[in-house]
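Below is one structure, written out as structure tokens; comments come after it.
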Amino acid sequence: MSESAPFSAESYFATQPPPASLEHDILGVRGFVQQQLKKDRNVVLVTSGGTTVPLELNVVRFLDNFSAGTRGATSAEYFLKAGYAVIFMHRQFSLQPFSRHYSHSTNPFLDFLEIETPPVASPDSTPQICVAKEKREDLMSVLTAYKSVQASGTLHTLAFVTVNDYLWLLRAVSQELSALRRRALYYLAAAVSDFFLPRQKMSEHKIQSGKGSLHIEMDQVPKILKSMVDEWTKDGFIVSFKLETDPALLIPKARAALKRYGHQLVIGNELHTRKYQVLFVTPSSHTSILDDLVDEDSAFTETWLRVDIPSTPSAVSQKEIEEDIVLELARRHSEWINEKK
Ligand code: 9Z3
């Protein structure tokens, strides 16, 4: 590919190699989708976490982004609670539903455990491991939900690392999910790199520092949402996220995405307030809840969704905004399904 011609989705997949596990992953998703079709369940694809952009074929260095996968992992739990089957496509080692409550950095699980030494006189004097009393209630509720999801077979997990893995997987999973037509929901919360280094431009070995400063020209990642809407999915309900750091750009960028790709909904969020407020942007026919502000040309409807900001940085917010996001999406998705019956 030359510097001037941007990659289309088609030229991207024709020139960039698929991940080694793709065929295996597709078979797993196909089996899962068949199970959910039999059980008549709605299925959501949740993408989550950041994507890397390797700079070398024998990769030592790569670009990455900030996302820990909180939005995706939290939303997946609420989708499961709302009765959805979930395909959770996440960045390897990012947060996952249920285990996210015991992340090694914020809530290390070893701190939950205690060693109990039986009285010397007891027949078995082997020390026992038990859960600290004050932690039992919370753990029991997470564990109960986790075990119930395992028993019902409603969660299927897939991992990606690079933006290339992500694009190949997204295409394949979307195509498999299209068997569900309107009953499929696509929830694209992963933080996807806008730029990448095509394989053909990558150096094979570790970039050497001998030449002084480093100049890398990256290509733009193709706008695959267009292909998702037009080719890979059939009537599915597609929700993308738009992340900005400049609040003034949020609405225009979200509207531009809807105009450009023709999908159902963009959820706008700003980096520093993303845990407490998000903006639902839809074409105006899909209106809903509280304080809707129809814009001048009435083409779009914007709805803020907010939860309380915790009073101190360490205080735990009583409510996770993903609970309301998912409830509202489930409502809109169900309307979408019933619209064409
Ligand atoms: C998001 O905007 C997600 O809400 C966050 C979640 C990545 C902010 P955390 O993992 O963060 O909970 O810390 N995801 C989409 C970001 C993205 O790459 N969007 C593209 C863009 O803004 C369009 S698909 O251009």
Assuming Pro6 fulfils every condition listed in (1) within 30 Å of Arg331 (Cβ to Cβ); (2) within 16 Å of the ligand (Cβ to nearest atom) apart from one, which condition is it?
(1)
Please go through segment 225-253 and pick out each residue that is near the ligand (Cβ under 9 Å from one of its atoms), among the hydrophobic types (A, V, I, L, M, F, W, C) and open to solvent by less than 50 Å² (accessible area, probe 1.4 Å).
Leu225, Phe241
Quick check: is even one residue across segment 217-238 without any contact (Cβ under 8 Å) to a residue 40 or more places away in the chain and more than 27 Å from Gln16 (Cβ to Cβ)?
no
Mind checking whether some residue in segment 76-91 is touching a Leu at 6+ places or on another chain (Cβ under 8 Å), assigned to a loop (DSSP other than H, G, I, E, B), under 22 Å from Leu271 (Cα atoms) and open to solvent by less than 40 Å² (accessible area, probe 1.4 Å)?
no
Give just the number: which of (1) closer than 15 Å to Val192 by Cα; (2) within 13 Å of the ligand (Cβ to nearest atom); (3) open to solvent by 10 Å² or more (accessible area, probe 1.4 Å) does Arg100 not satisfy?
(1)
If Val86 satisfies every condition in (1) away from the ligand (no atom under 13 Å from the Cβ); (2) within 19 Å of Thr162 (Cβ to Cβ); (3) aliphatic (A, V, I, L, M) but one, which is the exception?
(2)
Cβ-Cβ under 8 Å pairs, at least 6 apart or on other chains, segment 30-49 side of a type in the set (A, V, I, L, M), far side surrounded by fewer than 20 Cβ atoms within 10 Å (Cβ to Cβ)
Val33/Ala179; Leu37/Ala179
For segment 48-63, what are the residues that are in contact with a Lys or Arg (Cβ under 9 Å, 6 or more places away or on another chain) and within 16 Å of the ligand (Cβ to nearest atom)?
Ser48, Gly49, Gly50, Thr51, Thr52
Given the criterion within 16 Å of the ligand (Cβ to nearest atom), within 28 Å of Arg181 (Cβ to Cβ) and either free of Cβ contacts under 8 Å to residues at least 60 places away in the same chain or in contact with a Cys (Cβ under 9 Å, 6 or more places away or on another chain) (or both), identify the matching residue among Ala68, Ala73.
Ala73
Listed by range, strands (runs of 3 or more DSSP E) wholly within segment 104-198 having at least 1 residues that are within 16 Å of the ligand (Cβ to nearest atom) are 155-160, 184-188
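The values are calculated or read from the model by the stated rules, or taken from the named source; none is laboratory data. Bear in mind the structure is a predicted one, so any value in this text is a computation, not a measurement. All Cβ positions, glycine included, derive from the backbone under ideal geometry; neighbour counts span all protein chains shown. The area values use the complete protein model at the heavy-atom level, side chains included, leaving out ligands, DNA and RNA. Shrake-Rupley method; radii C 1.70, N 1.55, O 1.52, S 1.80 Å.
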